[in-house]
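Here the structure comes first, spelled out in structure tokens, and everything after it is commentary.
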């Protein structure tokens, strides 16, 4: 993680990994000599907000606070905070790698030219809410 976090800090949506150590509940004999055994270690993503970058692209989105974009891929459902999206040939909202973005009612179709995503996450196409 020490090398992975700095190496991946630039890609949109990357979340650094954090490490958590849990110490034993009661001191063990070797603790008196300065050696302490860990009882467990865990890693987890840092989900604090990164700084937002205004790109000017209407389909570049960001999540403020908790949450993920839900993506349908050949490998199954994935979750991401990377909000760089486009519209594919089938008029579906997709990630740059082609995974389809899932909304409350399935994949999001974009059958119009004016796409807007409201602060609450609702998608509007040509001024109408996506169904």
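The values are calculated or read from the model by the stated rules, or taken from the named source; none is laboratory data. Here the structure is a predicted model, which means the values were calculated and not measured. Neighbour counts run over all protein chains shown; Cβ positions are idealised from the backbone, glycine included.
A quick yes/no check of all residues on (1) within 20 Å of residue 118 (Cβ to Cβ); (2) in contact with a helix residue (DSSP H, G or I) (Cβ under 9 Å, 6 or more places away or on another chain); (3) exposed (fewer than 14 other Cβ atoms within 10 Å of the Cβ); (4) modelled with pLDDT under 80:
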position	(1), (2), (3), (4)
37	no, yes, yes, yes
56	yes, no, yes, no
60	yes, no, no, no
70	yes, no, no, no
79	no, no, yes, no
84	yes, no, no, no
97	no, no, yes, no
Problem set entry | Checking residue 75 against (1) modelled with pLDDT under 90; (2) under 18 Å from the mean Cα position of the chain (by Cα), the condition it does not meet | (1)
